[in-house]
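Data block below; observations after.
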Amino acid sequence: MNKELLGVKAPKKECTDKKCPFHGEINVKKELFTGRVIKKEVNRSATIEWSKSYYVPKYERYEIRRSRLRVHNPSCIDANIGEEVLVARTRPMSKTKNHVIIKVSGAKKVKIDAEHLVEDKNAPTEKGEHHKTEKQKEKHNTK
Ligand SMILES: [Zn+2]
């Protein structure tokens with residue numbers, strides 16, 4: 001078991017995943033990427049995405065180019081959608097997976113949840129307005 005990899009300490013939770021860089025039988029190379037988890041699968045796979053600005057000389061402006069990478073998500077790390085993660089290159093683990101998540105560096109999920117909460121707050125007010133109109137109709141009927 002490795003306690004530290006590329007300056008990253010092992011997570012507190014232990015796992016029995018063979019493809020885990022800390023508790024399994026896998027070696028990582030110092031070829032790192034950071035990205036945000038955009039897709040999570042039940043078979044401990046995840047897809048990460050990051051963007052960079054690319055200069056277009058013809059229009060003298062920048063365009064956003066995105067890169068995606070399918071990575072292994074060990075069960076001791078278990079990164080969720082929206083989290084910023086650090087991935088390292090390993091040996092090929094399947095047809096499309098050559099990288100593994102070694103660290104969750106930050107969570108943006110909280111912000112996304114907050115946005116959803118705002119949307120939820122808006123929804124009842126709309127319903128409330130409907131109730132008002134219904135009440136007004138009732139008043140009209142009584143008159
Ligand atoms: Zn592990």
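Remarks
- Flag for Glu49 being surrounded by fewer than 15 Cβ atoms within 10 Å (Cβ to Cβ), within 22 Å of Thr96 (Cα to Cα) and more than 11 Å from the ligand (Cβ to nearest atom): yes
- Taking residues in the stretch 21-46 that are among the polar types (S, T, N, Q), and partners anywhere that are in a strand (DSSP E or B) and modelled with pLDDT of 90 or more, the pairs with Cβ atoms closer than 8 Å and at least 6 places apart or on different chains are Thr34/Trp50; Thr34/Glu84; Thr34/Val85; Thr34/Leu86; Thr34/Val87; Ser45/Arg70; Ser45/Val71; Ser45/His72.
- Taken together, the residues in the stretch 61-81 that are of a type in the set (Gly, Ala, Ser) and either modelled with pLDDT under 90 or within 15 Å of the ligand (Cβ to nearest atom) (or both) amount to 2.
- When residues of the stretch 1-33 are limited to those that are acidic (Asp, Glu) and part of a loop (DSSP other than H, G, I, E, B), the one farthest from Val87 (Cα to Cα): Glu14
- Selection from the stretch 12-31 of residues that are in contact with a Leu (Cβ under 9 Å, 6 or more places away or on another chain) and within 12 Å of the ligand (Cβ to nearest atom): Pro21, Phe22
To keep it simple, each residue is scored yes or no on (1) small (Gly, Ala, Ser); (2) in a strand (DSSP E or B).
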{"position": "Thr47", "(1), (2)": "no, yes"}
{"position": "Tyr59", "(1), (2)": "no, no"}
{"position": "Ser67", "(1), (2)": "yes, yes"}
{"position": "Asn80", "(1), (2)": "no, no"}
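- Among the candidates Lys3, Lys40, Lys9, Lys58, the residue that is over 23 Å from the mean Cα position of the chain (by Cα), more than 10 Å from the ligand (Cβ to nearest atom) and under 17 Å from Ser75 (Cα atoms) is uniquely Lys3.
The values are calculated or read from the model by the stated rules, or taken from the named source; none is laboratory data. What you see is a predicted model; the values in this text were computed from it and never measured. Backbone-built Cβ (ideal geometry, glycine too); neighbour counts: all protein chains shown.
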